[in-house]
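Some notes on the structure that comes next.
The values are calculated or read from the model by the stated rules, or taken from the named source; none is laboratory data. Small disclaimer: the values here were computed from a predicted structure and weren't measured. As a convention, Cβ positions derive from the backbone with ideal geometry for all residues, glycine included, and neighbour counts pool all protein chains shown. For the accessible areas, the whole protein counts, side chains as well, though only heavy atoms, and no ligand, DNA or RNA atoms are used. Shrake-Rupley method; radii C 1.70, N 1.55, O 1.52, S 1.80 Å.
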Amino acid sequence: MEPNLLKGHLDLILLSILAGGPMYGLEISKQAQVETDGYFDLRVGSLYPALHRLEQSGAVEGEFRPAPRGGAPVKYYWLTEDGQRLLARKREDFRTFSTHLQALGRRYEGRG
């Protein structure tokens with residue numbers, strides 16, 4: 001996958017996953033892999049800065065809770081009302097973008 005494609009859609013991916021309920025970082029990463037047959041492989045270096053940015057913007061909230069299998073607490077994240085609205089806008093923006101990109105593809109198919 002082209003890294004810039006992931007970067008440009010990371011917020012949409014994270015918000016979509018968190019729409020399913022509270023999750024911690026590793027769980028979010030695994031969910032992305034499972035639901036996309038491994039297409040999205042979210043690395044720590046991009047995952048946590050994005051979650052932090054979304055938290056700072058008020059789209060998600062987070063708090064430390066006990067780890068599911070013991071050990072040190074992990075930070076769970078969930079969507080806020082602002083996050084749900086942002087997700088709806090980002091989904092609509094993506095649908096519009098995708099529709100127009102497909103139209104271009106159909107128009108120029110077979111040329112070249």
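Data for the structure
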| item | result |
| --- | --- |
| Criterion violated by Leu18 - all others in (1) under 12 Å from the mean Cα position of the chain (by Cα); (2) loosely packed, with under 11 Cβ neighbours inside 10 Å; (3) among the aliphatic types (A, V, I, L, M) satisfied | (2) |
| Residue among Val74, Val60 that is touching a residue at least 12 places away in the same chain (Cβ under 8 Å), of a type in the set (A, V, I, L, M) and more than 23 Å from Leu6 (Cβ to Cβ) | Val74 |
| Some residue of the range 94-111 being open to solvent by 80 Å² or more (accessible area, probe 1.4 Å), among the small types (Gly, Ala, Ser) and free of Cβ contacts under 8 Å to residues at least 24 places away in the same chain | yes |
| Test: residue in the range 49-60 that is among the small types (Gly, Ala, Ser) and touching a Pro at 6+ places or on another chain (Cβ under 7 Å) | no |
| Residue list for the range 73-112, restricted to those being outside any helix (DSSP H, G or I), modelled with pLDDT under 95 and not charged (D, E, K, R) | Gly110, Gly112 |
| Residue ID - modelled with the highest pLDDT, chosen from residues in the range 23-64 that are open to solvent by less than 60 Å² (accessible area, probe 1.4 Å) and at positive phi | Gly58 |
| Residue list for the range 4-45, restricted to those being over 21 Å from Asp93 (Cα atoms) and part of a helix (DSSP H, G or I) | Gly25, Leu26, Glu27, Ile28, Ser29, Lys30, Gln31, Gln33, Val34, Glu35, Val44, Gly45 |
| Among (1) surrounded by 12 or more Cβ atoms within 10 Å (Cβ to Cβ); (2) under 15 Å from the mean Cα position of the chain (by Cα); (3) over 17 Å from His9 (Cβ atoms), the one test that Val74 misses | (2) |
